[in-house]
Amino acid sequence: MLSLSTLSRCSKLFQIPYKIIPPFFLVACQSSSLSEVDTITKIINDNPFPDKPLHLSLLKHLKPEALSIDFVDNVLGRLFAAHSNGLKALEFFRFCLNHFHFIPSSFSFEMTVHILTRMRYFEKAWEFMEEIGKTHPALLTLKSMSIMLSKIAKFQSYEDTLEAFERMEKKVFVGKTFGTDEFNVLLQAFSSQREVKEARSVFQKMHDRFNPNTKTMNILLSGFKKSRDVTAMELFYHETVRRGFKPNASTYNMRIDAYCKRGHFGDALRIFEEMERANCEPSLETITTLVHGAGLVRNALKARELFDEIFKRNFLPDAGVYNALISSYIKCREIKSAMSLMDEMEEKHIVHDNVTYHTIFFGLMRQKDIEGVCDLYQRMVSKKFVPKTRTVVMLMKFFCVNNKVDLGLRFWYYLLERGYCPHGHALDLLVTGLCSRKRVEEAFECSKQFLERGMHMSEPVYRMLERYLLQSDSSDKLRELNQMIEKLHTVLPPSKGHASGHPS
């Protein structure tokens, strides 16, 4: 449990504002003001959709001198992290492109594609990519291709993914000759979705056209790792070595990680020793993987011993390796040791990230330490930190299940205040918690705020709210809700499981 003195001390120590940046991108955006980013992100998310064109609000509040690459990157990074409406993100990007002769970065383009494809707006994403390919081809990157192909591999068929690769070559990256790098992106799309058979099929079908390299083999190896088939992974690895493939640090790290995740920690240490014998220098990532692996087999002492290796090897510790040790302590139910590492991170000026908070919250919840969870929550919001979706949903569920629905409601408004649009699962939990306590007016307001931000309600929660509104003689509110849902459907057709709205 966190004491008030600890909370006070932490708030003084931790004065650095936190920027929400997707985990797979590192963006140098130190120059833009977070307060301006907060303001514009909030304006975008709060803008009534589709009633009011976003560009009118942007023209009113966004000054030409405020536009910079860092600023636009930050706003789109925040919109991505907040699961915002993809069409709003697209409109913001186009606004920046069409005003003041400003050209956004490739990162901003990638973020916009990612937000659109995550919401399965594939035709909009294709239209957008083909448009940029004609007007600003320099913004097209392998990363943007990877985002599109990975989402198609996830949500559509094998054939659709191959057709998308061909469309990329003929209609998007026009004039570019596809080579090994593009081939690797296609393989990565399947491997990232654990579609190992499909990845091998593509490799066998197309490797004559492209020249596979070490990265190609590592991508295929990664597919086996993600499918958790260690035996198949090792067979493939030894087969490629016999054919002349030379493993690198990434290869060894993947094999170590695969064994750790299967609970074969002894084998992971054996690969680590093999790596050193091959004169392949272990990295901080290698040690981090082993620390996490020790935790998976509930060996906190070994986890700490491995953690101490980073100092002997003169590595600079980061949040990742601290999170791995925190996770190990949590798995061994050593919550005090995990909490002390949070303090150690602050002393070393290492920023707590979402994994740090999520792991500690999980440990406290497992111990049914309601007061500890509430204290850590207050510590988190005092730093204006906004967690990622899975942590938001976990916290909302905890608050609503443990008679802390007022805290859940405050959390909801905290997210809105910070410019975020909470995920639909968070709305489901909060509305259910409020309705079960006969707080229908508040449940209605939260649902209305969600719809205003251009997001679909789930069908079950809509039906529940409909029932409670009718019981409380609030048919006027139900009509208002239905009108909003129907209007939203004119621009955002619902997918299966979303509310359709039925006027009373």
Next item on the list: Tally the residues that are closer than 19 Å to H99 by Cα, surrounded by 15 or more Cβ atoms within 10 Å (Cβ to Cβ) and not aliphatic (A, V, I, L, M), restricting the search to region 44-60.
Entry: 2
Next item on the list: Go over the candidates A324, A319, A294 one by one and state the one that is touching a His at 6+ places or on another chain (Cβ under 6 Å) and at pLDDT 95 or above.
Entry: A324
Next item on the list: Considering each of M365, M380 in turn, give the residue that is among the aliphatic types (A, V, I, L, M), part of a helix (DSSP H, G or I) and open to solvent by 30 Å² or more (accessible area, probe 1.4 Å).
Entry: M365
Notebook entry, point to check: Any residue in region 183-191 that is more than 30 Å from E234 (Cα to Cα) and of a type in the set (A, V, I, L, M, F, W, C)?
Noted result: no
Checklist line | For R390: the one exception among (1) among the charged types (D, E, K, R); (2) within 25 Å of E466 (Cβ to Cβ); (3) out of contact with any strand residue (DSSP E or B) (no Cβ under 9 Å at 6 or more places or on another chain); (4) in a helix (DSSP H, G or I) | finding: (2)
Notebook entry, point to check: Within region 72-89, is there a residue that is over 25 Å from E486 (Cα atoms) and over 20 Å from the mean Cα position of the chain (by Cα)?
Noted result: no
Check: For region 61-92, what are the residues that are open to solvent by 40 Å² or more (accessible area, probe 1.4 Å) and assigned to a helix (DSSP H, G or I)?
Finding: H61, P64, E65, I69, E91
Check: Which is open to solvent by 20 Å² or more (accessible area, probe 1.4 Å) and farther than 22 Å from G293 by Cα, of K331, K348?
Finding: K348
Checklist line | Selection within region 185-220 - surrounded by fewer than 18 Cβ atoms within 10 Å (Cβ to Cβ), part of a helix (DSSP H, G or I) and of a type outside the set (K, R) | finding: S201, Q204, M206, T214
Next item on the list: Kindly indicate whether any position in region 247-261 is farther than 25 Å from S146 by Cα, open to solvent by 50 Å² or more (accessible area, probe 1.4 Å), out of contact with any Ser or Thr (no Cβ under 8 Å at 6 or more places or on another chain) and not in a helix (DSSP H, G or I).
Entry: no
Next item on the list: Any chance you could count how many residues in region 115-124 are open to solvent by less than 20 Å² (accessible area, probe 1.4 Å) and not hydrophobic (A, V, I, L, M, F, W, C)?
Entry: 1
Note to self: Can you say whether F155 is closer than 18 Å to T214 by Cβ and in contact with a Lys or Arg (Cβ under 8 Å, 6 or more places away or on another chain), as far as the supplied structure shows?
What the structure shows: no
Margin query: Just to be sure I understand the filter: pairs with C-beta atoms under 8 Å, separated by 6 or more residues or on different chains, first member in region 247-268 and more than 14 Å from M217 (Cα to Cα), second member of a type in the set (S, T, N, Q) and surrounded by fewer than 18 Cβ atoms within 10 Å (Cβ to Cβ). Which pairs pass?
Written below: F265/N299
Margin query: I need the full set of residues from region 270-297 which are more than 18 Å from S327 (Cα to Cα), out of contact with any Leu (no Cβ under 7 Å at 6 or more places or on another chain) and either open to solvent by less than 60 Å² (accessible area, probe 1.4 Å) or in contact (Cβ under 8 Å) with a residue 40 or more places away in the chain (or both), in order please.
Written below: I271, E274, M275, A278, C280, P282, S283
Notebook entry, point to check: Picking from M168, M129, M148, M206, which residue would you name as being more than 26 Å from M111 (Cβ to Cβ) and in contact with a helix residue (DSSP H, G or I) (Cβ under 8 Å, 6 or more places away or on another chain)?
Noted result: M206
Next item on the list: Look through region 125-184, keep the residues that are in a loop (DSSP other than H, G, I, E, B) and among the aromatic types (F, W, Y), and return whichever of them is surrounded by the most Cβ atoms within 10 Å (Cβ to Cβ).
Entry: F173
Margin query: Quick check on my filter: what residues within region 115-127 are closer than 18 Å to F165 by Cβ and touching a residue at least 12 places away in the same chain (Cβ under 8 Å)?
Written below: T117, F122, A125, W126
Note to self: Just to be sure before I move on: is A232 on the phi < 0 side of the Ramachandran plot, part of a helix (DSSP H, G or I) and under 21 Å from the mean Cα position of the chain (by Cα) in the structure I sent?
What the structure shows: no
Note to self: Which count do you get for residues in region 351-362 that are among the hydrophobic types (A, V, I, L, M, F, W, C), more than 21 Å from L409 (Cα to Cα) and open to solvent by less than 20 Å² (accessible area, probe 1.4 Å)?
What the structure shows: 1
Next item on the list: Output the residue which, of all residues in region 406-439 that are under 13 Å from L465 (Cβ atoms) and assigned to a loop (DSSP other than H, G, I, E, B), is most open to solvent (accessible area, probe 1.4 Å).
Entry: K438
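A quick yes/no check of all residues on (1) more than 14 Å from V355 (Cα to Cα); (2) among the aliphatic types (A, V, I, L, M); (3) assigned to a loop (DSSP other than H, G, I, E, B); (4) in contact (Cβ under 8 Å) with a residue 24 or more places away in the chain:
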residue: L301; (1), (2), (3), (4): yes, yes, no, no
residue: E305; (1), (2), (3), (4): yes, no, no, no
residue: F315; (1), (2), (3), (4): yes, no, yes, yes
residue: Y322; (1), (2), (3), (4): no, no, no, yes
residue: I326; (1), (2), (3), (4): no, yes, no, yes
residue: I330; (1), (2), (3), (4): no, yes, no, yes
residue: K336; (1), (2), (3), (4): yes, no, no, no
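The values are calculated or read from the model by the stated rules, or taken from the named source; none is laboratory data. Being a predicted model, the structure only gives us computed values, none of them experimental. Quick reminder, even Gly has a Cβ in these numbers, built from the backbone with ideal geometry, and neighbours come from all protein chains shown. In case anyone asks, the SASA skips ligands and DNA or RNA and just uses the protein heavy atoms, side chains included. Shrake-Rupley method; radii C 1.70, N 1.55, O 1.52, S 1.80 Å.
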